[in-house]
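Taking it in order: structure first as C-alpha cells, then the write-up.
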Amino acid sequence: MTQPTIKLNSATSWLQFAVVFLTGITIAMGMFKVPVNMPNIMGEFGVSITEAGLLMSVVGFTCIFTAIPAGAVMQKLGPKTFGIIVVASGIIENVIGAIAPNFWVLLGTRFLEGISYGCMSMVSVAIVSAYFTTEKRGLPNGIWVIWVSVAQLIVAQLANLLVPSFGWRGEWVAIAVIQAVLLVAFIAFVKDPRRVGLDTVGEDVSEGANAQSTQVPQEKVSVLDGLKEPAVWLFSASLCCVAVGCGCLTGLYPTYLQTGLGLDPATANNIVSLGTLGGIVGSVAVGWVINRTKVRNRGILLCVVAVISIVCFSFQFSMTAAIVAPFIIFYTAVTQFNMPVGFALVPDAIKRPQVLSMAIGVLMIGANLGGALSTTLPSMFVDAAGGDWGACVPMVVGFAIASLVFAILGSVYMRRKVLPVRPDVADR
C-alpha cells in the first residue's frame, strides 16, 4: 500500500485547506457581487426585480445540471486540476461581465459563474475528506462555510469603495484580479491527494484517507454507483428545502433593506456586512459541535438546523430598521449551519467510500437547487403582492418544514442501512 507523504490532520493539511478557503472566498465574491449591485443593474438596464433575480437563479440552475458531470470530472482529474478549471471559469465570467453591453449578455456570463461557484464546494469537500480524518473534518468544514459570509462582507465594502467612482462594473474587474492572484496560489500550494500517496482505494480523492485508516481492499466502482446512495439523496433534499429560505438572506436581503425598509445603499451594505460576524461565529460553533458529535448522531444536527430555520424564516421579513442589525447577525449564523453538517455527513453516509466524488455531486444538486429557487420563488411572490415582502414567508417556512422531514428520513436510513456496513466510522 502506498504510504502517504502528507500526514493527515497536520499543518500541511491545514495549509491545503487554507489556500482552498481563500480561493473559495474570491469565487463567492463573484457570486454575491450581484445582490449588493442589483439596484444599480436594474437602473442601468431597466429590468424588474424578478428579471434581476435571474442573475442569481441562473447560477443555481447551472450548478444543478453540472453537479453530476462535475463529480465525474473531478473523480477523473482530481481536485487540483478540477479546481484550476473552476477558478478560471470565475475569472472569465467577471471579465466578460465587466464589458457586457446589455442585461442578457450579463445574464449569460452567470452560467460560467454557476460552474465556478457550484463546483468550488466540491473541491473543498474533496480536499478536507482526503487530508482530515472523519473525527476532525467538522472544524474545517465549518470554517469553509463562512466563505460566503466573508465574501459578502468584502463585496459590500468593495461596492461602497468602487461603485461611486467606477460603477458596478468596477467591482467585476476588481474581483477578476483578486481571483487571478488566488489562482496562482492555488496552483502553487494545493497538492492533488493522489500525487502524495492518498490514492490507495479506487480513483476517489477521499479513498487514500479511508484506506490508510481502515485498510479497505481495492474495489472497482462505476460513476453511476455514486447515484445509488439513498441517505445522500435524502440529505440533499433536506439541504435543498432549507436553502430556499437561507438564500433569501444572501440573494434578496440587500434589496429588502433598501426597498422594504427604505435604507440607503451604503447603510444596507454595512448592515449586511455585520452578518459576517454571525456567520463566522456560527460556522466555527457548528464545526466544534460536529467534531464532538458521534457519526451516528450527526443526522440529528440537520434536524435541529431545520427547526431553528423554521423560526427564523417566519420573522425574516417582519423586521424594523431598529432591530434588523442584531437579527441579521443571528440570522446569518443560522444560515451557516446546514452546509457544514451536510459536508460532514456525506463521507460517512455512503456505503462505499470510493463514490465520494459523485456523492458530493448529489449533495450539491439539492443545495444548488434550493439556492436557485431562493431568489426566483420569493421574488415572484413579492412581485405578485405588489412589493409586500411578507408574502413569501409561508412558502419558505413550508420548505423548511419539508427539510425537517427529509433530515429525519435520511438520519434513520443512515443509522439502519449505512453504518452497519461501515465499521470504519460506525463507532466514531
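Consider Val244 carefully, then state whether it is in a helix (DSSP H, G or I), surrounded by fewer than 18 Cβ atoms within 10 Å (Cβ to Cβ) and hydrophobic (A, V, I, L, M, F, W, C). Here the answer is no, as Val244 does not meet what is asked.
Run down Val304, Val334 and say which single residue is within 17 Å of Cys246 (Cβ to Cβ), assigned to a helix (DSSP H, G or I) and without any contact (Cβ under 8 Å) to a residue 40 or more places away in the chain.
On the way: Val334 fails: without any contact (Cβ under 8 Å) to a residue 40 or more places away in the chain.
Checking each option against the conditions leaves just Val304.
Within the stretch 293-305, is there a residue that is farther than 24 Å from Glu135 by Cβ and either out of contact with any Phe, Trp or Tyr (no Cβ under 9 Å at 6 or more places or on another chain) or among the β-branched types (Val, Ile, Thr) (or both)? Talk me through it step by step, then tell me what you get.
Applying the first criterion (farther than 24 Å from Glu135 by Cβ) to the stretch 293-305 yields none.
For the stretch 293-305, residues farther than 24 Å from Glu135 by Cβ and either out of contact with any Phe, Trp or Tyr (no Cβ under 9 Å at 6 or more places or on another chain) or among the β-branched types (Val, Ile, Thr) (or both): absent.
Among the residues here, Ser283 qualifies as hydroxyl-bearing (Ser, Thr, Tyr) and within 16 Å of the chain's Cα centre (by Cα).
Could you run through the stretch 10-55 and say how many residues are part of a helix (DSSP H, G or I), of a type in the set (Gly, Ala, Ser), touching a helix residue (DSSP H, G or I) at 6+ places or on another chain (Cβ under 9 Å) and within 25 Å of Val125 (Cα to Cα)? Qualifying residue count for the region: 5. Within the stretch 328-347, restricting attention to residues that are in contact with a Gly (Cβ under 6 Å, 6 or more places away or on another chain) and among the aliphatic types (A, V, I, L, M), the residue that is surrounded by the most Cβ atoms within 10 Å (Cβ to Cβ) is Ala344. When the residues of the stretch 284-323 are filtered to those that are modelled with pLDDT of 90 or more and among the polar types (S, T, N, Q), the one that is surrounded by the most Cβ atoms within 10 Å (Cβ to Cβ) is Ser309.
Identify, by number, the condition in (1) closer than 15 Å to Leu55 by Cβ; (2) in contact with a Phe, Trp or Tyr (Cβ under 9 Å, 6 or more places away or on another chain) that Met120 doesn't meet. Only one criterion in (1) closer than 15 Å to Leu55 by Cβ; (2) in contact with a Phe, Trp or Tyr (Cβ under 9 Å, 6 or more places away or on another chain) is unmet by Met120, namely (1). When the stretch 324-346 is filtered for residues that are of a type outside the set (A, V, I, L, M, F, W, C) and at pLDDT below 85, the ones remaining, listed by number, are Tyr331, Thr332, Thr335, Gln336.
With the stretch 69-163 as the region, which helices (runs of 4 or more DSSP H) entirely inside it contain at least 3 residues that are farther than 18 Å from Val181 by Cβ and under 14 Å from the mean Cα position of the chain (by Cα)? Quick ask: steps written out before the conclusion?
Details: elements: 79-98, 103-131, 138-144.
Because the criterion is at least 3 residues that are farther than 18 Å from Val181 by Cβ and under 14 Å from the mean Cα position of the chain (by Cα), the helices (runs of 4 or more DSSP H) in the stretch 69-163 that meet it are 103-131, 138-144.
Table: residues versus (1) surrounded by fewer than 19 Cβ atoms within 10 Å (Cβ to Cβ); (2) farther than 22 Å from Met74 by Cβ; (3) in contact with a Gly (Cβ under 8 Å, 6 or more places away or on another chain); (4) at pLDDT below 75.
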position	(1), (2), (3), (4)
Asp204	no, no, no, yes
Gln215	yes, yes, no, yes
Ser238	no, yes, yes, no
Tyr253	no, yes, no, no
Pro265	no, yes, no, no
Ile271	no, yes, no, no
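Yes/no per residue for (1) at pLDDT 90 or above; (2) crowded, with 24+ Cβ neighbours inside 10 Å:
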| residue | (1), (2) |
| --- | --- |
| Thr66 | no, no |
| Ala70 | no, yes |
| Lys76 | no, no |
| Ile92 | yes, no |
| Gly97 | yes, yes |
| Val105 | yes, no |
| Thr109 | yes, no |
| Gly118 | no, yes |
| Ala126 | no, yes |
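Considering every residue within the stretch 295-315, establish whether at least one is of a type in the set (D, E, K, R), more than 25 Å from Val362 (Cα to Cα) and out of contact with any strand residue (DSSP E or B) (no Cβ under 6 Å at 6 or more places or on another chain). Within the stretch 295-315 (the criterion being of a type in the set (D, E, K, R), more than 25 Å from Val362 (Cα to Cα) and out of contact with any strand residue (DSSP E or B) (no Cβ under 6 Å at 6 or more places or on another chain)), the answer is no, since none of the residues qualifies.
Only residues that are buried (at least 24 other Cβ atoms within 10 Å of the Cβ), modelled with pLDDT of 85 or more and more than 27 Å from Lys76 (Cβ to Cβ): list them for the stretch 348-381, please. Listed by number, the residues that qualify are Gly370, Pro378.
Which residue is nearest to Ala321 (Cα to Cα), if the candidates are limited to the stretch 256-275 and must be of a type in the set (A, V, I, L, M) and outside any helix (DSSP H, G or I)? Working first, answer last.
From the stretch 256-275, those of a type in the set (A, V, I, L, M) are 257, 261, 263, 266, 268, 271-272, 274; that's our starting set.
Add one more test, that the residue is outside any helix (DSSP H, G or I), and what stays is 261, 263.
On the way: Leu261: 6, Leu263: 8 Å.
Filtering the stretch 256-275 for residues that are of a type in the set (A, V, I, L, M) and outside any helix (DSSP H, G or I), the one nearest to Ala321 (Cα to Cα) comes out as Leu261.
Going by the conditions given, is Cys392 within 20 Å of Gly251 (Cβ to Cβ), touching a helix residue (DSSP H, G or I) at 6+ places or on another chain (Cβ under 8 Å), crowded, with 24+ Cβ neighbours inside 10 Å and modelled with pLDDT of 85 or more? Criteria met by Cys392. Of all residues in the stretch 51-60, those satisfying the criterion of being more than 14 Å from the chain's Cα centre (by Cα) and of a type in the set (A, V, I, L, M, F, W, C) are Ala52, Leu54, Leu55, Val58.
The values are calculated or read from the model by the stated rules, or taken from the named source; none is laboratory data. Everything quoted here is computed from the prediction, not taken from an experiment. Every residue, glycine among them, receives a Cβ derived from its backbone with ideal geometry; neighbour counts consider all protein chains shown.
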